[in-house]
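Written out below as structure tokens is the structure these notes cover.
The values are calculated or read from the model by the stated rules, or taken from the named source; none is laboratory data. Quick caveat: nothing in here was measured; it's all calculated off a predicted structure. Backbone-built Cβ (ideal geometry, glycine too); neighbour counts: all protein chains shown. Each accessible area value is taken on the protein alone, full model and side chains, heavy atoms only, with ligands, DNA and RNA left out. Shrake-Rupley method; radii C 1.70, N 1.55, O 1.52, S 1.80 Å.
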Amino acid sequence: MKLRGPIVAGIILAGLIGALYWSNHHKPADTTEASAAVSPKVLAVREADISKFDLKKNGAEQVGGERTSAGQWHITSPTSLPADQSAVSSFLGTFSNLNSERLVEEKAVNLAPYGLNTPKLEVDLTEKDNKTQKLLLGDDTPAGNGIFAKLDGDPPVFTVPGFHKTSIDKSANDLRDKRLLTVDSDKISQVELVVKKQEIAFGRNKDEWQIIKPKPLRADSNAVDELVRALTDARMEIGSSDDEKKTVSAFSLAKPVATAKVTAESGTQELQVRKNKDNYYAKSSAVEGIYKVQNTLGPALDKKLEDFRNKKLFDLGSDYPNKIEIRDGSKTYFLTRSGEDWWSGSAKKMDTASVDDLIEKLRDLAASKFVDSGFAVALIDLTVTSSDGKRVEKAAISKAGDNYVAKRENDSTIYQLDSKTIDDLRKSAENLNPTTVPAK
């Protein structure tokens, strides 16, 4: 009984010596487990180097695209379509650094177990030097979080993360340009809008919009910019062929909402928008077909002239004035700015906070509505100089009943102003103070 301990210890020692000898004289077999720690790169092609792609899907139409001489992508199959440059770039970006999860088989002969004998997806990539590579994607892995993949002509089989399949499995509709107006918003020089029997037209001078129809009027540039943004952001919603037939029928029965035209150096494009029940549909002169569109487009176009008029009395915006002159009866206020400092007409340095308050009150002068008459005798004359002296705006204010009305120089428009804004302006002017010099 006393020999049991030494015997067991001897057996364990012999086993350890044998294992050590085996490990020193045998290399590990090429197994899936051995290669699991290694994640080789399956494919690495820069998007900028790709000139052509073809995507073949088992049981679906082939999708192809080519880069034009101008460097823009264009869909070539199953039909010729303008491409969404961002979508194609994202699709091709998948292949710039396609790493595997693991190497499954170094020299695969039978591809059937991986679904690679009849791949679910085949992607042919042609580079600028006409070098081509073909990626094959087969079945999902048993765990369902990966997919088997290999390069055509290379024996290794890999698994890659399953999300790559989503990035690669695209249709022509996924990659096509879905814009209904294909002009860039910053290149649009004129917009025409026909809505509710109104014809409104806008012209752009640099970054400022002007109403030119039904007559020249100051425009709220932010409101016109929002209109332009809604038009250039309009996207088609694409469904099945049955959905397309329903869309055409719905458009023919729909009520017109608005027709818009945008003009740039490249020409004029038109968009018709109609409403049927709770849905909106559009037809564009730039894109063939009729499409369902987002429900935000209709309300963005369903506007009145008043929605686009500039109600502010002064075009200050965020600009900081250079000079301010106010004549209110017997009271006169004259301010001029030098750097960050404000000075009065009597060469006194003014308290900046009190001047800033006055500037905010000038910014607040805005029409509660536009009226046709009511301006009589000017009570207050205002002159505001901004943009380093390049913009000089003059306005006169008159009393009209319980409110005030105002007119800009060389402008027949009459702005009705709330009496409170005038009271606040007068109070702010009276509170202008010179800078207090600290006592020594």
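The dipole here belongs to the range 309-440: it is taken about the Cα centre, uses +1 on the Cβ of Lys and Arg and -1 on the Cβ of Asp and Glu, and is about 160 debye. Taking amide H atoms as placed 1.01 Å from N in the peptide plane, the amide H of LYS213 lies under 5 Å from those of ALA201, each 5 or more residues away in sequence or on another chain. May I ask for the distance between the Cα centers of the range 198-274 and the range 60-130, given as a whole number of Å? A separation of 36 Å, based on Cα centres. Once both labels are positioned 7 Å from their Cα atoms along Cα-to-Cβ, the gap between ASN173 and SER346 label points is 7.7 nm. For GLU244, the accessible area of its heavy atoms, probed at 1.4 Å with every protein chain present, is near 100 square angstrom. To put it simply, the accessible area of the chain at a 1.4 Å probe is 49 percent carbon and sulfur.
The calculated FRET efficiency for ASP225 paired with ASN295, based on their beta-carbon distance and R0 = 25 Å, is about 0.75. Look at the alpha carbon pairs under 8 Å that are at least 6 residues apart: their mean separation over the length of the chain gives a relative contact order of 9 percent. For volume of the Cα convex hull per residue in Å³, the value calculated from this model appears in (1) 375; (2) 168; (3) 138 under label (1).
Across LYS283, LYS57, LYS206, mean-square fluctuation computed from a Gaussian network of the chain (C-alpha pairs under 10 Å connected) peaks at LYS206. Each Lys or Arg adds one and each Asp or Glu takes one away; over the other residues whose Cβ falls under 11 Å from the Cβ of LYS187, this sums to -2. Helix content alone sets the calculated 222 nm mean residue ellipticity of the chain: runs of n ≥ 4 DSSP H residues at -39500 (n - 2.57) each, divided across all residues, give -6500 deg cm²/dmol. Taking all protein chains together and a 1.4 Å probe, the residues HIS164, HIS74 rank HIS74, HIS164 from largest to smallest accessible area. You can think of it this way: the chain between GLU360 and ASN431 has 24.2 nm of extra reach, that is 0.36 nm per residue less the Cα-Cα gap.
The largest accessible area among SER77, SER89, SER386 belongs to the first residue in SER89, SER77, SER386, and the rest follow in falling order (1.4 Å probe, all chains).
Taking all protein chains as shown and a probe of 1.4 angstrom, LYS120 keeps an accessible surface of around 80 Å². Full extension of the chain between THR68 and PHE334 gives 89.6 nm of extra length, using 0.36 nm per residue less the Cα-Cα distance. So if each residue of separation counts as 0.36 nm, and I subtract the Cα-Cα distance between SER249 and ASN97, what length gain in nm does that give? The span from SER249 to ASN97 would gain 50.1 nm if fully extended.
Structure note, pairs LYS56/LYS292; LYS215/LYS369; LYS283/LYS369: Cα-Cα distances above 24 angstrom occur for LYS56/LYS292; LYS283/LYS369.
Cross-link reach is defined here as a Cα-Cα straight distance under 17 Å, omitting same-chain residues fewer than 8 places apart; for LYS150 the aspartates and glutamates meeting it are ASP54, GLU101, GLU105, GLU106, GLU122, ASP124, ASP139, ASP140, ASP169.
Rolling a 1.4 Å probe across all protein chains gives GLU270 an accessible area of roughly 50 Å².
Per residue, the chain exposes 57 Å² of solvent-accessible protein surface, assessed with a 1.4 angstrom probe and all protein chains in place.
The dipole here belongs to the range 97-151: it is taken about the Cα centre, uses +1 on the Cβ of Lys and Arg and -1 on the Cβ of Asp and Glu, and is about 100 debye.
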